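Peer 1: Sending over a structure as structure tokens; questions will come in a sec.
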Amino acid sequence: MSDLLVPVSLVATFGSVLLGTILVSQRSARRRPVQLLEAQIGRSVAVTRDEELSRSFRERALIPFLGAMGTLGTKLTPIGMRKRIGRKLVLLGSPAGWDAEKIAALKVISAGGGVALGFLAAGTIGWEGLRFFGVVLVVGGIGTLLPGAMLDMKAKARQEGIRRALPDTMDLLTISVEAGLGFDAALSQ
């Protein structure tokens with residue numbers, strides 16, 4: 001049992017510090033614009049509870065949460081990785097509403113889900129100590145890599161579809177250009 005307490009306490013400590021940092025940064029980021037607005041207008045801007053609750057759950061909770069995860073993902077990922085993710089999104093056809101920040105947020109969320117799933121799996125199996133910690137790390141790592149792998153697969157599939165359709169498209173273009181030239185030649189006679 002004591003072998004299990006050290007890794008669990010380390011992960012719990014790291015997770016609570018990470019969560020506290022996210023909450024503090026979100027709270028301070030939300031207050032700055034309001035304070036600036038109050039200073040410019042000269043009166044307080046109050047949002048009533050009913051107005052706040054009239055907005056959808058997506059607007060009140062989901063979008064700010066994904067924004068915080070995107071910010072965290074941006075801080076954790078190197079600049080070169082964001083450029084690679086952006087290039088993969090271009091190869092994927094630049095899907096509407098997706099950018100490198102959202103993919104980084106998805107990586108952070110899936111890493112957390114992988115760690116939670118690793119805890120659950122290792123606890124269910126009954127492993128302790130180093131095995132337990134190893135399973136948590138491996139499943140968390142897989143969770144981190146999964147969004148990038150899915151992005152790669154979809155981009156490669158789209159590029160393969162384009163590569164297969166290109167000869168037919170070129171044939172159609174050639175036929176249409178030749179037909180257009182023949183039509184011009186018939187008109188000039």
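The values are calculated or read from the model by the stated rules, or taken from the named source; none is laboratory data. For clarity, every value in this text was computed on a predicted model and none was experimentally measured. Every residue, glycine among them, receives a Cβ derived from its backbone with ideal geometry; neighbour counts consider all protein chains shown. The area values use the complete protein model at the heavy-atom level, side chains included, leaving out ligands, DNA and RNA. Shrake-Rupley method; radii C 1.70, N 1.55, O 1.52, S 1.80 Å.
Peer 1: Mind listing whichever residues of the stretch 74-124 are more than 30 Å from Leu4 (Cβ to Cβ), touching a residue at least 40 places away in the same chain (Cβ under 8 Å) and among the basic types (Lys, Arg)?
Peer 2: Lys88
Peer 1: I'd like the full set of residues that are open to solvent by less than 70 Å² (accessible area, probe 1.4 Å) and farther than 20 Å from Gly112 by Cβ, limited to the stretch 53-74.
Peer 2: Ser56
Peer 1: Among (1) farther than 26 Å from Val8 by Cα; (2) assigned to a loop (DSSP other than H, G, I, E, B), which single condition is Glu101 missing?
Peer 2: Condition (2) is where Glu101 drops out.
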